[in-house]
Amino acid sequence: MSKKNKKHKNTAEESEKAQTSPSFGAEEVLQTPGEQIKKAEEGLLSPEQEMEQLKQRLQRLGADYQNYQKRANKQLEQATQIAREGLVKSLLPVLDNFEHTLENINSLEKSGDTPEFGALLKGVQIVHDHLMDALTAAGVHRIEVNQGEPFDPSLHEAMLQEENEHFPENTILRELARGYLMNGRTLRPAKVSVARGTAPKDTQVGQEDQ
């Protein structure tokens, strides 16, 4: 083989070897920006990103726990309120009996008092006051009822309707049984008698003629 042909063969082999031999970093250099971004997205998060995600998860867990605590406390308060209302409601008839007894004793006292009778009255009054103090401490207050004020179905219960010329219709004439509030809510409405408008005189005359 001539020197010229041998040299040409060596050059071709070196060129082929250069094309087939690996080149470090060539793959990264040949990647487009889009391919590099995609590869970065498919890779692991950086420690800073992982820390941020963990922080967000902890914040969400903390908010959920606070909401749960609020709901649990509200349910507990409602259950406690219902239990107190049931207890106090069961004591109201006792309070009624005390007050009726005191009213009867006061009426009898006017006819002639004795030392024994006075001591009895004083003892009943003390028990009544203790019961009222306990109810007040539980948030119970009496509904104030005044003659002539408008009837309020959220506070009053109409037991009777009476014709009355001196008060407008649907106003309160008298209190039949006391009502009570507990922490601003109606525990038992006051039982009242309500005014009913009188029929016009000409209407009454016409009905009598019939």
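The values are calculated or read from the model by the stated rules, or taken from the named source; none is laboratory data. As the structure is a prediction and not an experimental result, all values here were calculated from the model. When we count neighbours, we look across all protein chains shown, and the Cβ atoms used for this are built from the backbone with ideal geometry, even at glycine.
Among helices (runs of 4 or more DSSP H) entirely within segment 1-98, having at least 3 residues that are at pLDDT 55 or above, loosely packed, with under 10 Cβ neighbours inside 10 Å and within 60 Å of the chain's Cα centre (by Cα) singles out 33-42. Exactly one residue out of Val127, Val145 is within 31 Å of the chain's Cα centre (by Cα) and without any contact (Cβ under 8 Å) to a residue 60 or more places away in the chain, and it is Val145.
Can you find even one residue in segment 166-179 that is of a type in the set (Ser, Thr, Tyr) and loosely packed, with under 14 Cβ neighbours inside 10 Å?
No.
Considering segment 155-178 alone, what residues qualify as being farther than 12 Å from Arg196 by Cα, modelled with pLDDT under 95 and not in a strand (DSSP E or B)? The answer is Arg178, and nothing else.
Could you grab me the full set of residues in segment 181-192 that are more than 18 Å from Glu103 (Cβ to Cβ), of a type outside the set (A, V, I, L, M, F, W, C) and not in a loop (DSSP other than H, G, I, E, B)? Selection gives Arg185, Thr186, Arg188.
Look through Gly206, Gly197 and report the one residue that is over 20 Å from Val94 (Cα atoms), surrounded by 13 or more Cβ atoms within 10 Å (Cβ to Cβ) and either modelled with pLDDT under 85 or acidic (Asp, Glu) (or both). Break it down stepwise before answering.
Working: Gly206 fails: surrounded by 13 or more Cβ atoms within 10 Å (Cβ to Cβ).
Of Gly206, Gly197, the one residue that is over 20 Å from Val94 (Cα atoms), surrounded by 13 or more Cβ atoms within 10 Å (Cβ to Cβ) and either modelled with pLDDT under 85 or acidic (Asp, Glu) (or both) is Gly197.
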